[in-house]
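The values are calculated or read from the model by the stated rules, or taken from the named source; none is laboratory data. A quick note: this is a predicted structure, and the numbers were derived from the prediction, not measured. In this analysis, Cβ positions are derived from the backbone assuming ideal geometry, glycine residues included, and neighbour counts consider all displayed protein chains.
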Amino acid sequence: MTEWPAGSGKGRYPVQALQEKVYSHLKDRIVNCEMLPGAVISEEILAGEFGTSRTPIREALLRLQKENLVVIFPRQGTFVSQISLKDIHEIYQIRLFMEPKVARIACRSMDPQVLEGFRRRFSGGGMNSSAPLEWFRHDRELHGYIIECAGNRHLKMIYGSVIDQNQRMRILAGRLPLRISDTNEEHASIVDALLSKDEDRVEKAMQAHILASRDAVLRIDGFVYE
């Protein structure tokens with residue numbers, strides 16, 4: 001049973017806040033692959049788990065459908081959206097258009113101390129044995145910091161949507177042998193390039209990382225359909 005804030009008894013918790021809580025919890029589970037692609041979603045079970053009526057569950061699912069994270073089939077059921085080859089190619093096409101150029105711009109204004117902190121995390125194999133969700137949190141923080149340093153709030157919003165879709169793919173690919181350790185090396189190379197402020201080097205390092213990530217995702221077995 002999900003724990004709500006103290007004093008938020010039934011009928012007293014603001015409706016909008018309750019809907020937002022349900023939405024956030026469900027989205028986290030889907031994006032972090034706690035609910036796998038194709039999984040059946042039961043409004044009744046979720047209502048019991050969250051201790052609420054079906055209305056906040058239904059509202060959350062409608063929002064997630066708009067974000068292409070769930071699919072709703074009338075009279076058939078609701079499911080976590082699956083991942084297609086088209087999804088993979090489109091998401092990585094966006095990342096290849098966006099991130100190498102953004103990193104090139106961002107490196108001009110990045111804090112060397114912050115970058116050194118990222119370098120310590122990803123160098124030397126220390127992160128190879130981290131719990132998967134902890135590792136992906138650090139991974140997302142690095143990419144998010146690069147986007148943040150570009151100073152474009154609209155770009156930040158677009159990137160947030162893209163990376164939510166991409167995270168499911170990357171978490172599933174992270175199960176592949178050596179993918180985590182390979183990604184750590186790629187991240188260390190990106191950080192070294194950012195520290196050098198060599199824009200061409202930065203762009204190439206980010207591009208190589210995204211291509212390697214895409215190739216790993218294309219090897220996922222069992223969760224991708226044509």
Among GLY124, GLY117, GLY160, the single one that is more than 20 Å from the chain's Cα centre (by Cα), free of Cβ contacts under 8 Å to residues at least 12 places away in the same chain and on the phi < 0 side of the Ramachandran plot is GLY117
Which residue, of VAL217, VAL202, is crowded, with 19+ Cβ neighbours inside 10 Å and under 29 Å from MET35 (Cβ atoms)?
-> VAL217
Among the candidates ILE57, ILE45, ILE41, residue that is hydrophobic (A, V, I, L, M, F, W, C) and closer than 23 Å to ILE88 by Cβ = ILE41
Among the candidates GLU49, GLU44, GLU67, which residue alone is among the charged types (D, E, K, R) and closer than 20 Å to MET169 by Cβ?
-> GLU67
Would you mind telling me which numbered condition in (1) of a type in the set (Ser, Thr, Tyr); (2) over 30 Å from VAL191 (Cα atoms); (3) in contact with a Cys (Cβ under 6 Å, 6 or more places away or on another chain) SER84 fails?
-> (3)
Quick one: which of LEU176, LEU194, LEU133 is assigned to a loop (DSSP other than H, G, I, E, B), in contact (Cβ under 8 Å) with a residue 40 or more places away in the chain and assigned by TED's automatic domain parsing to the domain that holds ARG95?
-> LEU176
Has region 126-134 got at least one residue that is surrounded by 15 or more Cβ atoms within 10 Å (Cβ to Cβ), under 24 Å from ILE94 (Cβ atoms) and touching a helix residue (DSSP H, G or I) at 6+ places or on another chain (Cβ under 6 Å)?
-> no
